[in-house]
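Colleague: Please read through the structure below; I'll follow up with questions.
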Amino acid sequence: MIARSAGFSTTIVWGTPRNRRSWEAEAEVEVAKHPFLDLAQAHDLAARLSSLLSRWHDLDPVQRRSLAEVIAYFVDPADEEHDTLSPIGLVDDEERVAALEADLDRARAGA
């Protein structure tokens with residue numbers, strides 16, 4: 001899956017190690033420019049989304065759409081709480097990822 005960010009000049013391609021390293025290098029540059037960006041939390045959210053993305057083929061169309069929407073939200077720094085301009089910038093992203101994880105876990109348990 002490819003996600004493009006409006007706020008950064010980045011295209012993130014999930015699932016390939018070379019591209020992850022590329023994202024990490026660019027993230028380090030962004031942290032230097034934006035001291036509020038919590039890189040550890042961003043890494044954690046990216047890893048959790050990557051884990052969910054690995055289940056893509058097991059998801060129904062509605063779940064896939066929800067996952068794609070949360071990924072798009074995550075890569076957009078200018079979302080509800082700006083990721084780089086606020087000390088709590090990734091809190092809203094965390095809430096969306098956690099809600100999606102809970103929804104997918106409930107659906108998996110009920111299957």
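The values are calculated or read from the model by the stated rules, or taken from the named source; none is laboratory data. Note that the structure is predicted; figures quoted are calculated from it, not measured. Counting neighbours? That spans all protein chains shown, and the Cβs are built from the backbone with ideal geometry, glycine included.
Colleague: Six or more apart or on different chains, Cβ atoms under 8 Å: show the pairs whose first residue is in region 84-111 and at negative phi and whose second is of a type in the set (Lys, Arg) and surrounded by 12 or more Cβ atoms within 10 Å (Cβ to Cβ).
Modeller: Short answer, once both residue conditions are applied: VAL97/ARG48; GLU101/ARG48; LEU104/ARG55.
Colleague: Give the residue that is farthest from GLU94 (Cα to Cα), with candidates limited to residues of region 50-66 that are surrounded by 14 or more Cβ atoms within 10 Å (Cβ to Cβ) and polar (S, T, N, Q).
Modeller: My answer is GLN63.
Colleague: Would you check if there is a residue in region 75-88 being touching a strand residue (DSSP E or B) at 6+ places or on another chain (Cβ under 8 Å) and of a type in the set (A, V, I, L, M, F, W, C)?
Modeller: The answer is yes, given that some residue of region 75-88 is touching a strand residue (DSSP E or B) at 6+ places or on another chain (Cβ under 8 Å) and of a type in the set (A, V, I, L, M, F, W, C).
Colleague: Across region 86-111, which residue is modelled with the lowest pLDDT among those that are surrounded by fewer than 13 Cβ atoms within 10 Å (Cβ to Cβ) and not in a helix (DSSP H, G or I)?
Modeller: ALA111
Colleague: Search region 39-49 for residues being in contact with a helix residue (DSSP H, G or I) (Cβ under 9 Å, 6 or more places away or on another chain) and not basic (Lys, Arg), and hand back the single one that is surrounded by the most Cβ atoms within 10 Å (Cβ to Cβ).
Modeller: Ranking the candidates gives LEU49 first.
Colleague: Within region 1-50, which residues are under 11 Å from the mean Cα position of the chain (by Cα) and modelled with pLDDT of 70 or more?
Modeller: Of everything in region 1-50, those that are under 11 Å from the mean Cα position of the chain (by Cα) and modelled with pLDDT of 70 or more turn out to be GLN41, ALA42, HIS43, ASP44, LEU45, ALA46, ALA47, ARG48, LEU49, SER50.
Colleague: For ASP76, are the conditions met, namely being surrounded by 18 or more Cβ atoms within 10 Å (Cβ to Cβ) and charged (D, E, K, R)?
Modeller: Answer is yes for this residue.
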